Amino acid sequence: MTTAHTLLAEVAGGLKARQVIPYLGAGVFDLVEGACPIPRSPEELVAALTAKAAVPGRIRRHLTAASQYIESHKHRRTLETILTGLFKTGPEPTALHRYLAGIAELPLIVDTWYDDTMARALGGSPSWGQIQGMSHPQSLGEWVRYFGPDNEPTSGDAAAGWNRVLYKPMGAVAPAGNYLISDSDYVEVLTEIDIQSPIPAVVQNLRAGRNFLFLGCRFDGEIGRTFARQIIKRSAGRHWAVISGELTRNEAKFIETYGITRIDMPLAEAVAVLSEA
């Protein structure tokens, strides 16, 4: 048994013991066989956005800037309509989504992409709900909104009583089409995130003393690193990330700084090992 297999067996035990929190990125959709009906990375997303709304060439590859241009020149509603069109028909839950949904003991799942796949996988579970980050100008002063398993809005007090919380810090296509994606969205959130205001109390409570497992995540973008750093703040000091292939310099520095052990293994293989452990 390799060291990676040993680590994943340990992590699998931690997931079932309510000690390890999964943290999902867009890369989980590399598990989809064949064509994926939704974008699977920021690069794919910005290409899809700019295919539907023209933006200047200098920002065509920059997701937040391209989104800001569409918002500023064609209205926020245009941006949201395009995003909802791109994510409204998601793939069937992957082996990873099904595996996590099957661990009834998991108190918290963090999912940073805009799809609703994890929510659909959890659909029949008892006592769960989701918390979605909000674009601050849309939200009348709220940083997040709460939705029960019936997709109806609810409150932070109700969320404190859920057995499982799905936290979507960047928003999601369903049930209400909330998205953090443009420069102006992130300016407001990043101004406050260091003092934890945008992170809901129930998430802050559930992360305390726990470890995180990053799946389908890369740390090559500043916004992604900032959210990861702030979400795992005041948790346990040991974490893991399944990342196959070469790391960028920023990624290597990030995982070293924040106590993240890299597991160099294709995600599909890692999911199989976790499922068997």
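Against the empirical 2.2 N^0.38 Å scaling, what ratio does the C-alpha Rg of region 55-132 come to?
On the way: Rg = 16.5 Å, N = 78, 2.2 N^0.38 = 11.5 Å.
For region 55-132, the normalised Cα radius of gyration is 1.43.
The local environment of Ala172, defined by Cβ-Cβ distances under 13 Å, has a net charge of 0 under the rule Lys, Arg +1 and Asp, Glu -1. Restricting the calculation to Cα atoms, the chain shows an Rg/Rh of 0.94 when the hydrodynamic-style radius is the Kirkwood one.
Once the Cβ-Cβ distance of Ile223 and Glu276 is raised to the sixth power relative to R0 = 45 Å, the FRET efficiency obtained is 0.85. Comparing Val28, Leu180, Tyr167 along the charge dipole axis of the chain, the residue lying farthest to the positive side is Leu180, per the Cβ-charge model. The charge dipole of the chain, taken about its Cα centre with unit charges on the Cβ atoms of Lys, Arg (+1), Asp and Glu (-1) only, comes to about 260 debye.
Helix 267-276 axis versus longest C-alpha principal axis of the chain: approximately 40°, rounded to the nearest ten.
Relative to the longest principal axis of the Cα atoms of the chain, the long axis of helix 183-192 lies at roughly 50 degrees. Accessible surface area normalised per residue over the chain is 43 Å², counting heavy atoms of protein chains with a 1.4 Å rolling probe. Think of it as helices only: each DSSP H run of n ≥ 4 in the chain is worth -39500 (n - 2.57), and spread over all residues that comes to -11500 deg cm²/dmol at 222 nm.
Counting only lysines at least 8 places from Lys253 when in the same chain, those with an alpha carbon closer than 18 Å to its own are Lys233. From most to least packed by mean Cβ count within 10 Å, the peptides 189-195, 267-273 give 267-273, 189-195. Note on Asp157/Thr89: beta-carbon distance plugged into 1/(1 + (r/R0)^6) with R0 of 30 Å gives a FRET efficiency of 0.35.
The loop-placed GluC sites (Glu not before Pro) in region 48-136, going by DSSP, that have at most 11 neighbouring Cβ atoms within 10 Å of their Cβ come out as Glu105.
In region 139-213, the portion of solvent-accessible area held by carbon and sulfur atoms comes to 49 percent [1.4 Å probe, whole percent, DNA, RNA and ligands not counted].
Working from label points 7 Å from Cα in the Cα-to-Cβ sense, the Glu142 to Arg249 distance is 4.4 nm. The fraction of all Cα pairs in region 143-277 landing in successive 5 Å bins from 0 to the largest distance is 2, 8, 17, 18, 20, 18, 11, 5, 1, given as whole percents. Between helix 76-87 and the chain, what is the angle of the helix's C-alpha long axis to the longest principal axis, kept within 0 to 90° and rounded to the nearest 10? Taking Cα atoms only, the helix is inclined about 40 degrees. Straight Cα distances below 17 angstrom link Lys52 to the lysines Lys74, Lys88, with same-chain residues fewer than 8 positions distant left out. Ranked by the mean number of other Cβ atoms within 10 Å of their residues, highest first, the peptides 20-26, 116-122, 51-57 fall in the order 20-26, 116-122, 51-57.
What is the extension gain from Arg234 to His62, computed as 0.36 nm multiplied by their sequence separation minus the C-alpha to C-alpha distance, in nm to one decimal?
Length difference between fully extended and current span is 58.8 nm.
Express as a percent, rounded to the nearest 5, the fraction of DSSP beta bridges in the chain (both residues included) that run antiparallel. Antiparallel: roughly 25 percent of the beta bridges in the chain. Considering only Pro42, His62, Leu106, and ranking their Cα positions along the charge dipole of region 38-166 that arises from unit charges at the beta-carbon of Lys, Arg, Asp and Glu, the one farthest toward the positive end is His62.
Roughly how many debye, to the nearest 20, is the charge dipole of region 1-145 about its Cα centre, given +1 on each Lys and Arg Cβ, -1 on each Asp and Glu Cβ, and no other charges? Provide the component values of the computation, followed by the final result.
Working: 14 positive and 13 negative charges, 97 e Å.
Dipole size: approximately 460 debye.
The values are calculated or read from the model by the stated rules, or taken from the named source; none is laboratory data. For clarity, every value in this text was computed on a predicted model and none was experimentally measured. Glycine gets a Cβ as well: all are built from the backbone with ideal geometry, and neighbour counts include every protein chain shown. These area figures cover heavy atoms from the full protein model, side chains too; ligands, DNA and RNA do not enter into them. Shrake-Rupley method; radii C 1.70, N 1.55, O 1.52, S 1.80 Å.
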